[in-house]
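The values are calculated or read from the model by the stated rules, or taken from the named source; none is laboratory data. On a predicted model such as this, the values are computed, not experimentally measured, just so you know. Backbone-built Cβ (ideal geometry, glycine too); neighbour counts: all protein chains shown.
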């Protein structure tokens, strides 16, 4: 009997309940520091995604403490089993990614990765994870990549889309070099260090503005990486835009291509058009899916995007905007659904092929 096609979910959230959860995974110095400063009692969730907002977790997936995705058994019960997910990639978005202290950020990222390893990956063979790194210090981020990359269950590097500098700046290149050398994609995930206003025109008043305005952050990050020559320097690097939405990208490509033709003398290293670079190096997760769920509209969107290789299935568990069993059907058609759920993730994450061999009965 032929093996069935594996379903791969490329953005699932393991929510860190509180800082106390990390205490057993911190070195003695940082445990003492956190206790002395009262940090161990703090929530330390990202300001850009506070866990008590309706956006953070669907009501039916809300845990006893009010959050979601803080327990591996709940993840299996709520998502993996009912939706037939064979492989799920965990992204743990927590305050260590954006803390002002470089050393504290590095300690928190190391502890969070160890927590993911022991409390999640060790307990369900369907799970894989991203390496959370402190973008504040590229050297310490590289050290964490080196520390975790030997564990094949970690399949990519995780950074927030909004930080102190545009993501194409050479300050961050050591991170991209370390990831590319190890065949690890870099996941640029929605989320902000709040060093600057989250919109291009200043500070918003409401979460509505912040969440819709995230597209601006992804456009800026992507344009920076293309213009600064990140993909010329690292030709094997793949960047996954997670929770970026999708509908903004075709018009962005058209505008970037047109402007590049007139101004490419300024960036002589950018020998390929932005559209060509983006289609080769950029992937997007499907949630939140902001195109009309109609077959004709989806086909037009794919035609405008210019590639069937860029979309990756994601449920964005436990966030509110997951469309459930209707997320990909019938608007995508069977051929495109297979690409999004299986083929594209496998080509994006080489380490997942080993996981399919472990599962055995899927392909």
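Quickly run through the stretch 1-16 and pick out the residues that are surrounded by fewer than 19 Cβ atoms within 10 Å (Cβ to Cβ) and outside any strand (DSSP E or B). Once the filter is applied, which keeps residues that are surrounded by fewer than 19 Cβ atoms within 10 Å (Cβ to Cβ) and outside any strand (DSSP E or B), the stretch 1-16 yields 1, 2, 3, 5. Checked against the criterion of being surrounded by fewer than 24 Cβ atoms within 10 Å (Cβ to Cβ), assigned to a helix (DSSP H, G or I) and in contact (Cβ under 8 Å) with a residue 40 or more places away in the chain, the candidates 223, 140 yield just one match: 223. Restricting the first member to the stretch 258-275 and to residues that are modelled with pLDDT of 95 or more, and the second to residues that are exposed (fewer than 13 other Cβ atoms within 10 Å of the Cβ) and not in a helix (DSSP H, G or I), no beta-carbon pair is closer than 8 Å while six or more apart or on different chains.
Residue 213 meets all of the listed conditions (1) over 18 Å from residue 312 (Cβ atoms); (2) buried (at least 18 other Cβ atoms within 10 Å of the Cβ) but one, namely (2). Among residues of the stretch 168-181 being surrounded by 21 or more Cβ atoms within 10 Å (Cβ to Cβ) and touching a residue at least 60 places away in the same chain (Cβ under 8 Å), the one that is nearest to residue 233 (Cα to Cα) is 176. Provide a single number: the residues in the stretch 292-343 that are modelled with pLDDT of 85 or more and more than 20 Å from residue 76 (Cβ to Cβ). Adding up the residues that qualify gives 25. Does residue 175 satisfy being under 18 Å from residue 90 (Cβ atoms) and part of a helix (DSSP H, G or I)? Criteria not met by residue 175.
Considering the stretch 99-129, and only residues there that are part of a loop (DSSP other than H, G, I, E, B) and over 30 Å from residue 340 (Cβ atoms), the residue that is farthest from the chain's Cα centre (by Cα) turns out to be 101. Under the condition of being under 20 Å from the mean Cα position of the chain (by Cα) and assigned to a helix (DSSP H, G or I), the residues counted in the stretch 259-295 number 5.
Please work out if residue 28 is loosely packed, with under 11 Cβ neighbours inside 10 Å and on the phi < 0 side of the Ramachandran plot. Yes; evaluated as a whole, the condition is true for this residue.
For the stretch 349-363, a residue qualifies if it is within 23 Å of residue 240 (Cβ to Cβ) and modelled with pLDDT under 70, and the qualifying residues are 358, 359, 362, 363. Taken over the stretch 299-309, the criterion of being under 14 Å from residue 248 (Cα atoms) and in contact with a helix residue (DSSP H, G or I) (Cβ under 8 Å, 6 or more places away or on another chain) is satisfied by 301, 302, 304, 305, 306.
Among the residues of the stretch 262-274, just one is under 22 Å from residue 216 (Cα atoms) and loosely packed, with under 13 Cβ neighbours inside 10 Å, namely 263.
Scanning the stretch 182-210 for residues that are surrounded by 15 or more Cβ atoms within 10 Å (Cβ to Cβ), free of Cβ contacts under 8 Å to residues at least 24 places away in the same chain and not in a loop (DSSP other than H, G, I, E, B) returns a single hit, 199.
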